[in-house]
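What follows is a set of notes on a single structure, which appears directly below.
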Amino acid sequence: MTKLMQPEDPKEAEGVLDEVDRRSFLGVMGASMALAGVSTSLTGCVRKPREKVLAYTRRPEDLVPGEPRYFATAAQLTGGVIGLLVESQDGRPTKVEGNPRHPMSLGATDAFTQASVLDLYDPARVKLPRVEGKVLPFSALEERFEHFKTNLGDGEALALLIDGQESPTLFSLLYELRRSHPKVKIYRHDNACPRNGVAGAGQVGIRGTRPLYALERADRVLCLDMDFLGVEGDVVRNARHYAWRRRITSERDTMNRLYVVEPAFSVTGTNADHRLRLAPSQVGEFLADLIGHMASRGVNAPAGARRPLHAAGRRLPASR
């Protein structure tokens, strides 16, 4: 597998981007086309190499060779956890699709989820434990854990830094660790939290929660520097609900409208009906101006936000 993956390794691409003249380029392309034609004509005459097929020592129940099996699971690869259906061919996962019964995937997936199956066959995956860059056997790692466990005490000298994975198994293990070692310190690092709205929910007094947008019920959507259709938040669910309101199937259906304020192009900005480019430092002022404009028309708003609409706020087109 490693030899087969080497031509796709970027390290092996050195020299590919070197400058070549027109004569060399045409020569290489002509030779490639000639070899492709020869290989195509000889495809039916080449004998396939012999391969040994070994039977199962213990054949799984209800296994039919060549017939795929599907397993329901969940994964967190972007903003939130989505439900998946993984196709397995003779014990090898080969395809990932969304679970239509899961509320966060609704039968769809994103590019990161589709590509996640390649991680299982990556020859560069870590196969053995590493400590300070040195490869150690599992036995040496177990000895280190036993020594660490013996001298842990009440956990006062221990601090853990975890990522933002929403894993119930991980949370249960951390709960058991905190119960047995009450003075242990646990820190969570998650760059996606502010973008997903966790920090904003904390500012309005709702801590420990994250927003869940109902875009399928929104007639007007205002997006302020957030790529909710690209890489931020519950992308799969948001994209599916947003697309539902863009379909006109009867005379009673109305299409939603998307307004985007952002400093650089994003997937969400590309799909916007109206897009306003602003520097990141001006997005907050724009929001305050917009709230003040809405308050002047009778919409309830905080007193501190009621101020005249400045030039940045006037640049967003009115809804039609």
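The values are calculated or read from the model by the stated rules, or taken from the named source; none is laboratory data. Not measured: the values here are computed from a predicted model. Cβ atoms come from the backbone with ideal geometry, glycine included; neighbour counts cover every protein chain shown.
Below, the figures for the structure above:
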| item | result |
| --- | --- |
| Only listed residue being touching a helix residue (DSSP H, G or I) at 6+ places or on another chain (Cβ under 8 Å), surrounded by 10 or more Cβ atoms within 10 Å (Cβ to Cβ), modelled with pLDDT of 70 or more and not small (Gly, Ala, Ser), chosen from LEU26, LEU77 | LEU77 |
| When residues of segment 92-151 are limited to those that are under 30 Å from GLU216 (Cα atoms) and of a type in the set (Ser, Thr, Tyr), the one surrounded by the most Cβ atoms within 10 Å (Cβ to Cβ) | SER105 |
| Enumeration of residues in segment 247-266 that are in a loop (DSSP other than H, G, I, E, B) and closer than 14 Å to LEU229 by Cα | PHE265, SER266 |
| Every residue from segment 242-264 that is of a type in the set (A, V, I, L, M) and either free of Cβ contacts under 8 Å to residues at least 40 places away in the same chain or closer than 19 Å to PRO211 by Cα (or both) | ALA243, ILE248, MET255, LEU258, VAL260, ALA264 |
| Any hit, segment 145-163, residues being under 30 Å from GLY230 (Cα atoms) and modelled with pLDDT of 80 or more | yes |
| Residue match in segment 166-173 (condition: outside any helix (DSSP H, G or I) and over 20 Å from the mean Cα position of the chain (by Cα)) | no |
| Residue check for ARG252: of a type in the set (Lys, Arg), crowded, with 18+ Cβ neighbours inside 10 Å, under 30 Å from PRO100 (Cα atoms) and modelled with pLDDT under 90 | no |
| Members of segment 188-220 found to be at pLDDT 85 or above and more than 21 Å from the chain's Cα centre (by Cα), listed by number | GLU216, ARG217, ALA218, ASP219, ARG220 |
| Number of the exception - GLY233 against (1) touching an Asp or Glu at 6+ places or on another chain (Cβ under 7 Å); (2) modelled with pLDDT under 90 | (1) |
| Odd one out for GLU166, checked against (1) surrounded by 14 or more Cβ atoms within 10 Å (Cβ to Cβ); (2) at pLDDT below 85 | (1) |
| Residue count for segment 267-320, restricted to those that are basic (Lys, Arg) and either in a helix (DSSP H, G or I) or at pLDDT 60 or above (or both) | 4 |
| Test: residue in segment 232-241 that is among the β-branched types (Val, Ile, Thr), assigned to a loop (DSSP other than H, G, I, E, B), touching a residue at least 40 places away in the same chain (Cβ under 8 Å) and not assigned by TED's automatic domain parsing to the domain that holds PHE112 | no |
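To keep it simple, each residue is scored yes or no on (1) under 30 Å from ALA55 (Cβ atoms); (2) touching a His at 6+ places or on another chain (Cβ under 9 Å); (3) in a strand (DSSP E or B).
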{"position": "THR73", "(1), (2), (3)": "yes, no, yes"}
{"position": "VAL86", "(1), (2), (3)": "yes, no, yes"}
{"position": "LYS95", "(1), (2), (3)": "yes, no, yes"}
{"position": "LEU106", "(1), (2), (3)": "no, yes, no"}
{"position": "THR109", "(1), (2), (3)": "no, no, no"}
{"position": "PHE112", "(1), (2), (3)": "no, no, no"}
{"position": "SER116", "(1), (2), (3)": "no, no, no"}
{"position": "ALA124", "(1), (2), (3)": "no, no, no"}
{"position": "LEU152", "(1), (2), (3)": "no, yes, no"}
